[in-house]
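The values are calculated or read from the model by the stated rules, or taken from the named source; none is laboratory data. Please read these numbers as outputs of a predicted model, since none were measured by experiment. Positions of Cβ are generated from backbone atoms using ideal geometry, with glycine treated the same way; all protein chains shown enter the neighbour counts.
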Amino acid sequence: AAEEAKGEPSYVPVNKATPGVPGADPAYPKTMTINGEELPVATCFGSDMADINKPRLVILGSGWGATSILKHTQDLDANGYYTVVLSPTNYFLFTPLLPEATTGTTECRSLIESIRKICFRSRAHYCEAAAQDVHFDLKMVEVIGVDGRHFLVPYDKLVIGVGAMNNTFGVPGVRENARFLKDIQDARYLRHKLMTNFETAALPTTSEEERKRLLSFVIAGGGPTGVEYAAELYDFLHEDLMKYFPDLTSSDVSVTIVQSADHILNTFSEAISLYAEERFKKHNINVVTNARVTKVDPGVLTYRNKNAKAGEVDTFEIPFGICLWSTGIGLRDFTKRLVDKIDMQKNKRAIEVDSRLRMKGVEGVYALGDCATIENPNMMEIVKQSFVETGKDSLDYDTFQSVIASIVDRFPQTAMHLEKLQNLFEKYDLDKNRRLDMTEIAVLVDETNKKLTSLPATAQVARQQGEYMAKKLNKLAWTPSAEGSMAVENTLKPFNYKHLGSFSYVGGDSAVIDLGGGRTGGGFGAFLLWRGAYLAKQVSLRTRVLLALDWTKRMFGRYDCSSPR
Ligand code: FAD
């Protein structure tokens, strides 16, 4: 259907007044009243009017998901939209290497690329503004510009890629006394604070107790970010810092990871977790597991042992000079506002989208990356439906197989789980000639259903979703109407995530890699692979060159122990 529709663009491909088109229709409203307030409607971004009659694609965010869309819509012939990118950060940030910027292994500038440059290549218009709300009935995004003024931006298609924010899980004192590592300002702050703490600790007037506190680095959360920060600290402290601070000894310095699960890197395979823990033990990085942080006071973190039995002392305090909080992510206020007003948005922890990344409950709106979650099917409901459709009270093996195939077709993320379902069939040695009744099938489905989890909140997922969205948007640009667009969209393939492996740096030029399916590795080889993969994934030649230079500098040179703000 997509092919049939091609050749008939949905817009008037000439630059002249078109009724109802923002920016091209002089009668289009200049202002609108929202909640009693009259707000300007922004229809033109810049003087380039060539695309003004095209459908409006508004992209919220300039992170992994958003830039991946822009990167894959660079083929201008295929890009049949007037594209507007709205984000409060005017750069794309290569988050996986942020821990390196906290010690200066890489420079902050090597991790960021101007979003205007990326937009320019895709003929998109950028505006430094944060989305506050979406008025779905009016198809308008309400934004607040960098100057603090509110205005409205109309859309035909809206893609939400605003990411997520750090989650404190309600632990008191985290926002006030700990630091997150989410943006480039965080990395700059941590680098500066690290040096300031060392300089303060080296003062002759600093007491021993205070020195130890200043040089105590506590990390709440043993996921990849926490682990990589600890690894970077280890490299920095042991390769250079102690040499240039002869008044300090290594016993003054401590690095502690406080993790709530049994192991650090618990989303990786167990072999990787054990490898990393072993390495950290050798590097004198303390790992406290099964610990729940209860509060963070100025300079002191308190945690409880989760498994403590009655009568045991279960509360511990660790004084710190720097506390990094990296325990997980939560919804931004903007995202929360959107899910709260749509009844069909049942999952209140992210925007629920179908397997084609369409936001549930509204039309023409998509969401991807950390702010979105793909709905998981209620497999039992689908199986039950097939009982109704066949009018029988039992299913034979072949029908059961075709039900499975139809579920995988609609929800590609179930492929692995349904494979398990088929294996269970074999495991229980079920006679393929015998018909299975509902109760028997319910037991099988239930066993795999529990294992259905959401996709991880990673750059890898956001990037692949952006690429999928771009290809889809390019196809939809050539469909003549909203109804046609929906019909075509239903014929397009759903998003299918391909896991390419997870990496984590563990210090001393060593990394761990988990390719899934029990294929794991660790050591210098994995470290080279890790760096190679990140060089390949850079969004521009400029950052690729800068990164290569930073790493070369580090190989031959030394860390920079100065700390200008
Ligand atoms: P983001 O990349 O976070 O982008 C969100 C964008 O939305 C930003 O530009 C933001 O400014 C903008 N925005 C925010 N609010 C608004 C608003 N109201 N209106 C408009 N725009 C808004 N993933 C991996 O796969 N591998 C790794 O090794 C890895 N390491 C990481 C290390 C660190 C330190 C961190 C913080 C994350 C790491 N991740 C890693 C996770 C990865 O960064 C995220 O999963 C990814 O950034 C998600 O992409 P996104 O596009 O959804 O959101």
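Do we find that GLY466 is at pLDDT 95 or above and assigned by TED's automatic domain parsing to the domain that holds VAL84 in this structure? Judged against the criteria, GLY466 is a match. Scanning the stretch 315-346 for residues that are more than 16 Å from the ligand (Cβ to nearest atom) and not assigned by TED's automatic domain parsing to the domain that holds LYS182 yields ILE342, ASP343, MET344, GLN345, LYS346. Hey, does the stretch 230-237 have a residue that's crowded, with 22+ Cβ neighbours inside 10 Å, in contact (Cβ under 8 Å) with a residue 24 or more places away in the chain and over 18 Å from LYS281 (Cα atoms)? No; the residues of the stretch 230-237 include none that is crowded, with 22+ Cβ neighbours inside 10 Å, in contact (Cβ under 8 Å) with a residue 24 or more places away in the chain and over 18 Å from LYS281 (Cα atoms). Determine, yes or no, whether VAL512 is buried (at least 21 other Cβ atoms within 10 Å of the Cβ) and within 17 Å of LEU357 (Cα to Cα). Against the criterion (buried (at least 21 other Cβ atoms within 10 Å of the Cβ) and within 17 Å of LEU357 (Cα to Cα)), VAL512 does not qualify.
For the stretch 198-221, indicate whether the set of residues that are β-branched (Val, Ile, Thr) and within 33 Å of the chain's Cα centre (by Cα) is non-empty. Within the stretch 198-221, one or more residues are β-branched (Val, Ile, Thr) and within 33 Å of the chain's Cα centre (by Cα). For the stretch 233-274, a residue qualifies if it is at pLDDT 90 or above, under 14 Å from GLY222 (Cα atoms) and of a type outside the set (Gly, Ala, Ser), and the qualifying residues are VAL255, THR256, ILE257, VAL258, GLN259, ASP262, HIS263, ILE264, LEU265, ILE272, LEU274. What do you reckon, is HIS238 more than 16 Å from the ligand (Cβ to nearest atom), under 19 Å from CYS561 (Cβ atoms) and touching a helix residue (DSSP H, G or I) at 6+ places or on another chain (Cβ under 9 Å)? So HIS238 passes the test. Residues that are surrounded by 16 or more Cβ atoms within 10 Å (Cβ to Cβ), within 16 Å of the ligand (Cβ to nearest atom) and either on the phi < 0 side of the Ramachandran plot or of a type in the set (Ser, Thr, Tyr) (or both) do occur in the stretch 354-364. In the stretch 85-188, counting only helices (runs of 4 or more DSSP H) that sit wholly within it, the ones holding 1 or more residues that are in contact with a helix residue (DSSP H, G or I) (Cβ under 8 Å, 6 or more places away or on another chain) and touching a residue at least 60 places away in the same chain (Cβ under 8 Å) span 98-101, 115-121. Any residue in the stretch 323-338 that is closer than 30 Å to THR256 by Cβ sitting within a Cβ distance under 7 Å of a residue that is more than 10 Å from the ligand (Cβ to nearest atom) and assigned to a helix (DSSP H, G or I)? List the pairs, counting only those 6 or more apart or interchain. Listed by first residue and then by second, the contacts come to CYS323/ASN177; TRP325/VAL174.
Could you tell me whether the stretch 279-286 includes any residue that is within 16 Å of the ligand (Cβ to nearest atom), assigned to a helix (DSSP H, G or I), over 30 Å from HIS135 (Cβ atoms) and not small (Gly, Ala, Ser)? No - not one qualifying residue is present in the stretch 279-286. On the stretch given as the stretch 85-110, residues that are more than 10 Å from the ligand (Cβ to nearest atom) and of a type in the set (A, V, I, L, M, F, W, C) total 1. Against the test of being under 19 Å from the mean Cα position of the chain (by Cα) and modelled with pLDDT under 95, the options PHE180, PHE169 yield a single qualifying residue, PHE169. Against the list (1) in a strand (DSSP E or B); (2) exposed (fewer than 14 other Cβ atoms within 10 Å of the Cβ), the condition THR552 fails is (1).
Within the stretch 328-351, identify whether any single residue is part of a strand (DSSP E or B), surrounded by 24 or more Cβ atoms within 10 Å (Cβ to Cβ) and not acidic (Asp, Glu), and answer yes or no. Yes, the stretch 328-351 has at least one match. Number of residues in the stretch 156-165 that are within 13 Å of the ligand (Cβ to nearest atom) and surrounded by fewer than 21 Cβ atoms within 10 Å (Cβ to Cβ) equals 2. Take the conditions modelled with pLDDT of 95 or more, more than 16 Å from the ligand (Cβ to nearest atom) and of a type in the set (Asp, Glu) and apply them to ASP297. Does it pass? Criteria met by ASP297. Exactly one condition in (1) of a type outside the set (Ser, Thr, Tyr); (2) at positive phi; (3) surrounded by 14 or more Cβ atoms within 10 Å (Cβ to Cβ); (4) modelled with pLDDT under 75 is false for GLY23; which is it? GLY23 satisfies all of (1) of a type outside the set (Ser, Thr, Tyr); (2) at positive phi; (3) surrounded by 14 or more Cβ atoms within 10 Å (Cβ to Cβ); (4) modelled with pLDDT under 75 except (4). Residues in the stretch 300-332 that are touching a Lys or Arg at 6+ places or on another chain (Cβ under 7 Å) and among the hydroxyl-bearing types (Ser, Thr, Tyr) were compared, and the one that is modelled with the lowest pLDDT is THR315.
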